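The values are calculated or read from the model by the stated rules, or taken from the named source; none is laboratory data. Note that the coordinates shown come from a computational prediction; the quantities given were computed from them, not determined experimentally. Here Cβ is always computed from backbone atoms with ideal geometry, including for glycine, and neighbour counts include all displayed protein chains. The protein model used for the area step is the full one, side chains on, heavy atoms only, and it has no ligands, DNA or RNA in it. Shrake-Rupley method; radii C 1.70, N 1.55, O 1.52, S 1.80 Å.
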Amino acid sequence: MPIFEINKDDLLQLTDELLEELIARLAEAETVKYGGNTSDVEWSGHIKAPDDGIDIRMKFSGSNLEGFLKGFLKRKDIIFQSKIEKMSAEKIKKEMTERNGKLNNAISELAKNKGGYIIVSLKDDC
């Protein structure tokens with residue numbers, strides 16, 4: 001039996017800041033589960049702060065990398081974007097690129113290092 005249960009309607013009530021915090025705390029829990037530290041997850045808590053397209057950054061440094069990579073996240077370096085609005089293909093492209101149309105530097109480096117990029121959008125229902 002879960003300690004608490006969250007349904008879709010509960011999530012839809014979250015603000016930008018609370019969604020970012022939820023994602024960050026879930027990432028912290030996942031990294032700690034496999035021997036990492038909460039410091040493996042960085043987030044500002046200020047959703048409107050300039051962030052180069054990064055709301056939450058997780059770099060797993062724990063002792064059980066093999067277990068971690070078999071878990072939910074599958075990459076040891078992940079950028080999370082937290083969005084409460086719908087994310088069309090055009091919005092995603094804008095989120096991932098610079099004004100000149102080139103891939104954002106942080107995401108480009110992430111790709112070179114075989115990292116992951118996850119957009120969490122509350123209004124999209126896959």
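Out of everything in segment 56-73 that is within 16 Å of the chain's Cα centre (by Cα) and modelled with pLDDT of 90 or more, what residue ends up being farthest from ASN113 (Cα to Cα)?
ILE56
Which numbered condition trips up HIS46, out of (1) of a type outside the set (Lys, Arg); (2) modelled with pLDDT under 90; (3) open to solvent by less than 70 Å² (accessible area, probe 1.4 Å)?
(3)
Has segment 8-22 got at least one residue that is within 23 Å of ASN113 (Cα to Cα) and either in a helix (DSSP H, G or I) or out of contact with any Phe, Trp or Tyr (no Cβ under 8 Å at 6 or more places or on another chain) (or both)? Break it down into steps so the answer makes sense when it comes.
Taking segment 8-22 as the starting set, the residues that turn out to be within 23 Å of ASN113 (Cα to Cα) are none.
Taking every residue of segment 8-22 in turn, none turns out to be within 23 Å of ASN113 (Cα to Cα) and either in a helix (DSSP H, G or I) or out of contact with any Phe, Trp or Tyr (no Cβ under 8 Å at 6 or more places or on another chain) (or both).
Tally up the residues in segment 22-41 that are among the charged types (D, E, K, R) and open to solvent by less than 60 Å² (accessible area, probe 1.4 Å), please. Steps first, please.
Our first condition is that a residue be among the charged types (D, E, K, R); within segment 22-41, this holds for 25, 28, 30, 33, 40.
With the extra rule that they be open to solvent by less than 60 Å² (accessible area, probe 1.4 Å), the set shrinks to 28, 30, 40.
Of the residues in segment 22-41, 3 are among the charged types (D, E, K, R) and open to solvent by less than 60 Å² (accessible area, probe 1.4 Å).
Restricting attention to segment 92-120, which residues are of a type in the set (Gly, Ala, Ser) and either on the phi < 0 side of the Ramachandran plot or in contact with a Cys (Cβ under 7 Å, 6 or more places away or on another chain) (or both)?
ALA106, SER108, ALA111, GLY115, GLY116
Checking the structure you have, find out if any residue of segment 86-96 is open to solvent by less than 70 Å² (accessible area, probe 1.4 Å) and assigned to a strand (DSSP E or B).
The answer is no, given that none of the residues of segment 86-96 is open to solvent by less than 70 Å² (accessible area, probe 1.4 Å) and assigned to a strand (DSSP E or B).
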